[in-house]
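The values are calculated or read from the model by the stated rules, or taken from the named source; none is laboratory data. Here the structure is a predicted model, which means the values were calculated and not measured. Glycine gets a Cβ as well: all are built from the backbone with ideal geometry, and neighbour counts include every protein chain shown.
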């Protein structure tokens, strides 16, 4: 883009450069797909953890926490469903599927804990979610290093 | 003394009325995805908004015409229909997004789905417009909007990296997700430079019977009110960047965004976020519904005025009634409020030229602006930003909507 401007190319040049820039940011190689899926897994595990933690601290009402966890559970299962159709290596598919399943189960467990108002049981689930987020992160780092 | 009071009230209500669903959503998403890197479009958008709001007030004070009235007068009805139709479609989506935001705020507190709240929110807004005077929309709702100052408190308490915040004032290239970065730039510009604000502001100036003695007041309100408002949008971005970016959370719904202030302010942070979202959206719903009613009535030559009895301005009332009757249905059907917000803000940016270019012509015509026509700096800043927003919108929106980035 900078070169185009220096050479005095008009708006059409800028538009072409921007299209190229945007397209390059949206390539869909298996590695990119895996990276996106790992980021998504990490994000949902952390989001679920945040809701559980804030509920345990008494910062958010039961009504919000329940609704949010139901919604996160649905979205996590939707993400899990996308994995089968992706062009990912089998071991990556298995890792992601297990990760999304585990996150969805944690969201369900938190929901049931909120229903019963058993705050003491929350800590174990939060530990599992934190471990899930770390695992997704470390696989993503390894993917980047390869 | 009366003018000093009007000035203070004008500035305070501009601050309180600045944040709405588009600013909250786009700033939060920008902070979560790119930390402090996208502060610059908020600053750029706010500068343009200052110019445009000042011009709207100046046009109204000098010509005694609203932006819509002057557009029809200068370009004729055949031309006026184009911006009226285009903007009405985009504004409908923005209104749906605002209804979705207010409904979601109620879901946060009650746990009852936002889909059930959409129709009551639209009905409540309609009731306020039907029964309330113009001052209710112009002053009282924005005064409650001062609750949004909680974002500044939250941003400071979260202790962000201030040097990184300062770096965000300068445009830099994204290191990842380029399409998403530019999509968010478009979103932020669309959320900040909302055309309905200008139509609403100029109609307010005409309803308030402004004359040339109000030009300085107008300037102060535009500069101070919008600057502090922009600061609020930056505070939302900074809070989101401090909480979500290091945690690696990608924001895909308001139920995630709602946690933004709980780390800094505990349960107060949660409830004040919900209150900010609700009041910000309610204020925007009222302003948008009135802005479209003003625009349509002024363009078609109908009698209009929010301070008139509804039976004296039936077609004006019919426009906002119809709009509010249609607004909730996208949300009732279950479309994600955040998705509607992102789309509507991007489309707002894409249609900015339709709304602003005729306006720039008016502001350079002595018939309408008298001896107070635009200077070259104002024209250059506004035209540059519009062209940039338009190019980015054309390039980035299709890619983003097709699932890229």
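Mind listing whichever residues of segment B:279-307 are in a loop (DSSP other than H, G, I, E, B) and crowded, with 24+ Cβ neighbours inside 10 Å?
B:304, B:306, listed by residue number.
If you take the residues in segment B:248-261 that are assigned to a helix (DSSP H, G or I) and modelled with pLDDT of 95 or more, which one is nearest to residue B:149 (Cα to Cα)?
So, considering only residues that are assigned to a helix (DSSP H, G or I) and modelled with pLDDT of 95 or more, the one nearest to residue B:149 (Cα to Cα) is B:257.
Filter segment B:243-257 down to residues that are buried (at least 22 other Cβ atoms within 10 Å of the Cβ) and at the interface with chain A (Cβ under 7 Å from one of its Cβ atoms) and give me whichever is nearest to residue B:107 (Cα to Cα).
B:255
Residue B:275 is checked against (1) within 14 Å of chain A (Cβ to nearest Cβ); (2) crowded, with 24+ Cβ neighbours inside 10 Å and fails just one. What number does that condition carry?
With (1) within 14 Å of chain A (Cβ to nearest Cβ); (2) crowded, with 24+ Cβ neighbours inside 10 Å applied to residue B:275, the lone miss is (2).
Yes or no: residue B:47 surrounded by fewer than 24 Cβ atoms within 10 Å (Cβ to Cβ), touching a helix residue (DSSP H, G or I) at 6+ places or on another chain (Cβ under 9 Å) and within 14 Å of chain A (Cβ to nearest Cβ)?
No: the conditions fail for residue B:47.
Checking residue B:263 against (1) within 16 Å of the chain's Cα centre (by Cα); (2) more than 19 Å from residue B:49 (Cβ to Cβ); (3) within 14 Å of another protein chain (Cβ to nearest Cβ): exactly one of these is not met. Which one?
With respect to (1) within 16 Å of the chain's Cα centre (by Cα); (2) more than 19 Å from residue B:49 (Cβ to Cβ); (3) within 14 Å of another protein chain (Cβ to nearest Cβ), residue B:263 is out only on (1).
Suppose we filter B:189, B:169 for residues that are in contact (Cβ under 8 Å) with a residue 60 or more places away in the chain and assigned to a helix (DSSP H, G or I); which single one remains?
That would be B:189, the only listed residue that is in contact (Cβ under 8 Å) with a residue 60 or more places away in the chain and assigned to a helix (DSSP H, G or I).
So which of A:81, A:58 is surrounded by fewer than 22 Cβ atoms within 10 Å (Cβ to Cβ) and facing chain B (nearest Cβ under 7 Å)?
Step by step, each of A:81, A:58 is checked, and only A:58 is surrounded by fewer than 22 Cβ atoms within 10 Å (Cβ to Cβ) and facing chain B (nearest Cβ under 7 Å).
Limited to segment A:13-47, what total is found for residues that are at pLDDT 55 or above and buried (at least 20 other Cβ atoms within 10 Å of the Cβ)?
Number of matching residues: 11.
Across segment B:65-119, which residue is nearest to residue B:286 (Cα to Cα) among those that are outside any helix (DSSP H, G or I) and away from chain A (no Cβ under 14 Å)?
Filtering segment B:65-119 for residues that are outside any helix (DSSP H, G or I) and away from chain A (no Cβ under 14 Å), the one nearest to residue B:286 (Cα to Cα) comes out as B:66.
Condition check: at pLDDT below 85, on the phi < 0 side of the Ramachandran plot and part of a helix (DSSP H, G or I). Does residue B:362 satisfy that?
The answer is no for residue B:362.
Within segment B:384-394, identify whether any single residue is closer than 22 Å to residue B:179 by Cα, crowded, with 19+ Cβ neighbours inside 10 Å and more than 14 Å from chain A (Cβ to nearest Cβ), and answer yes or no.
yes
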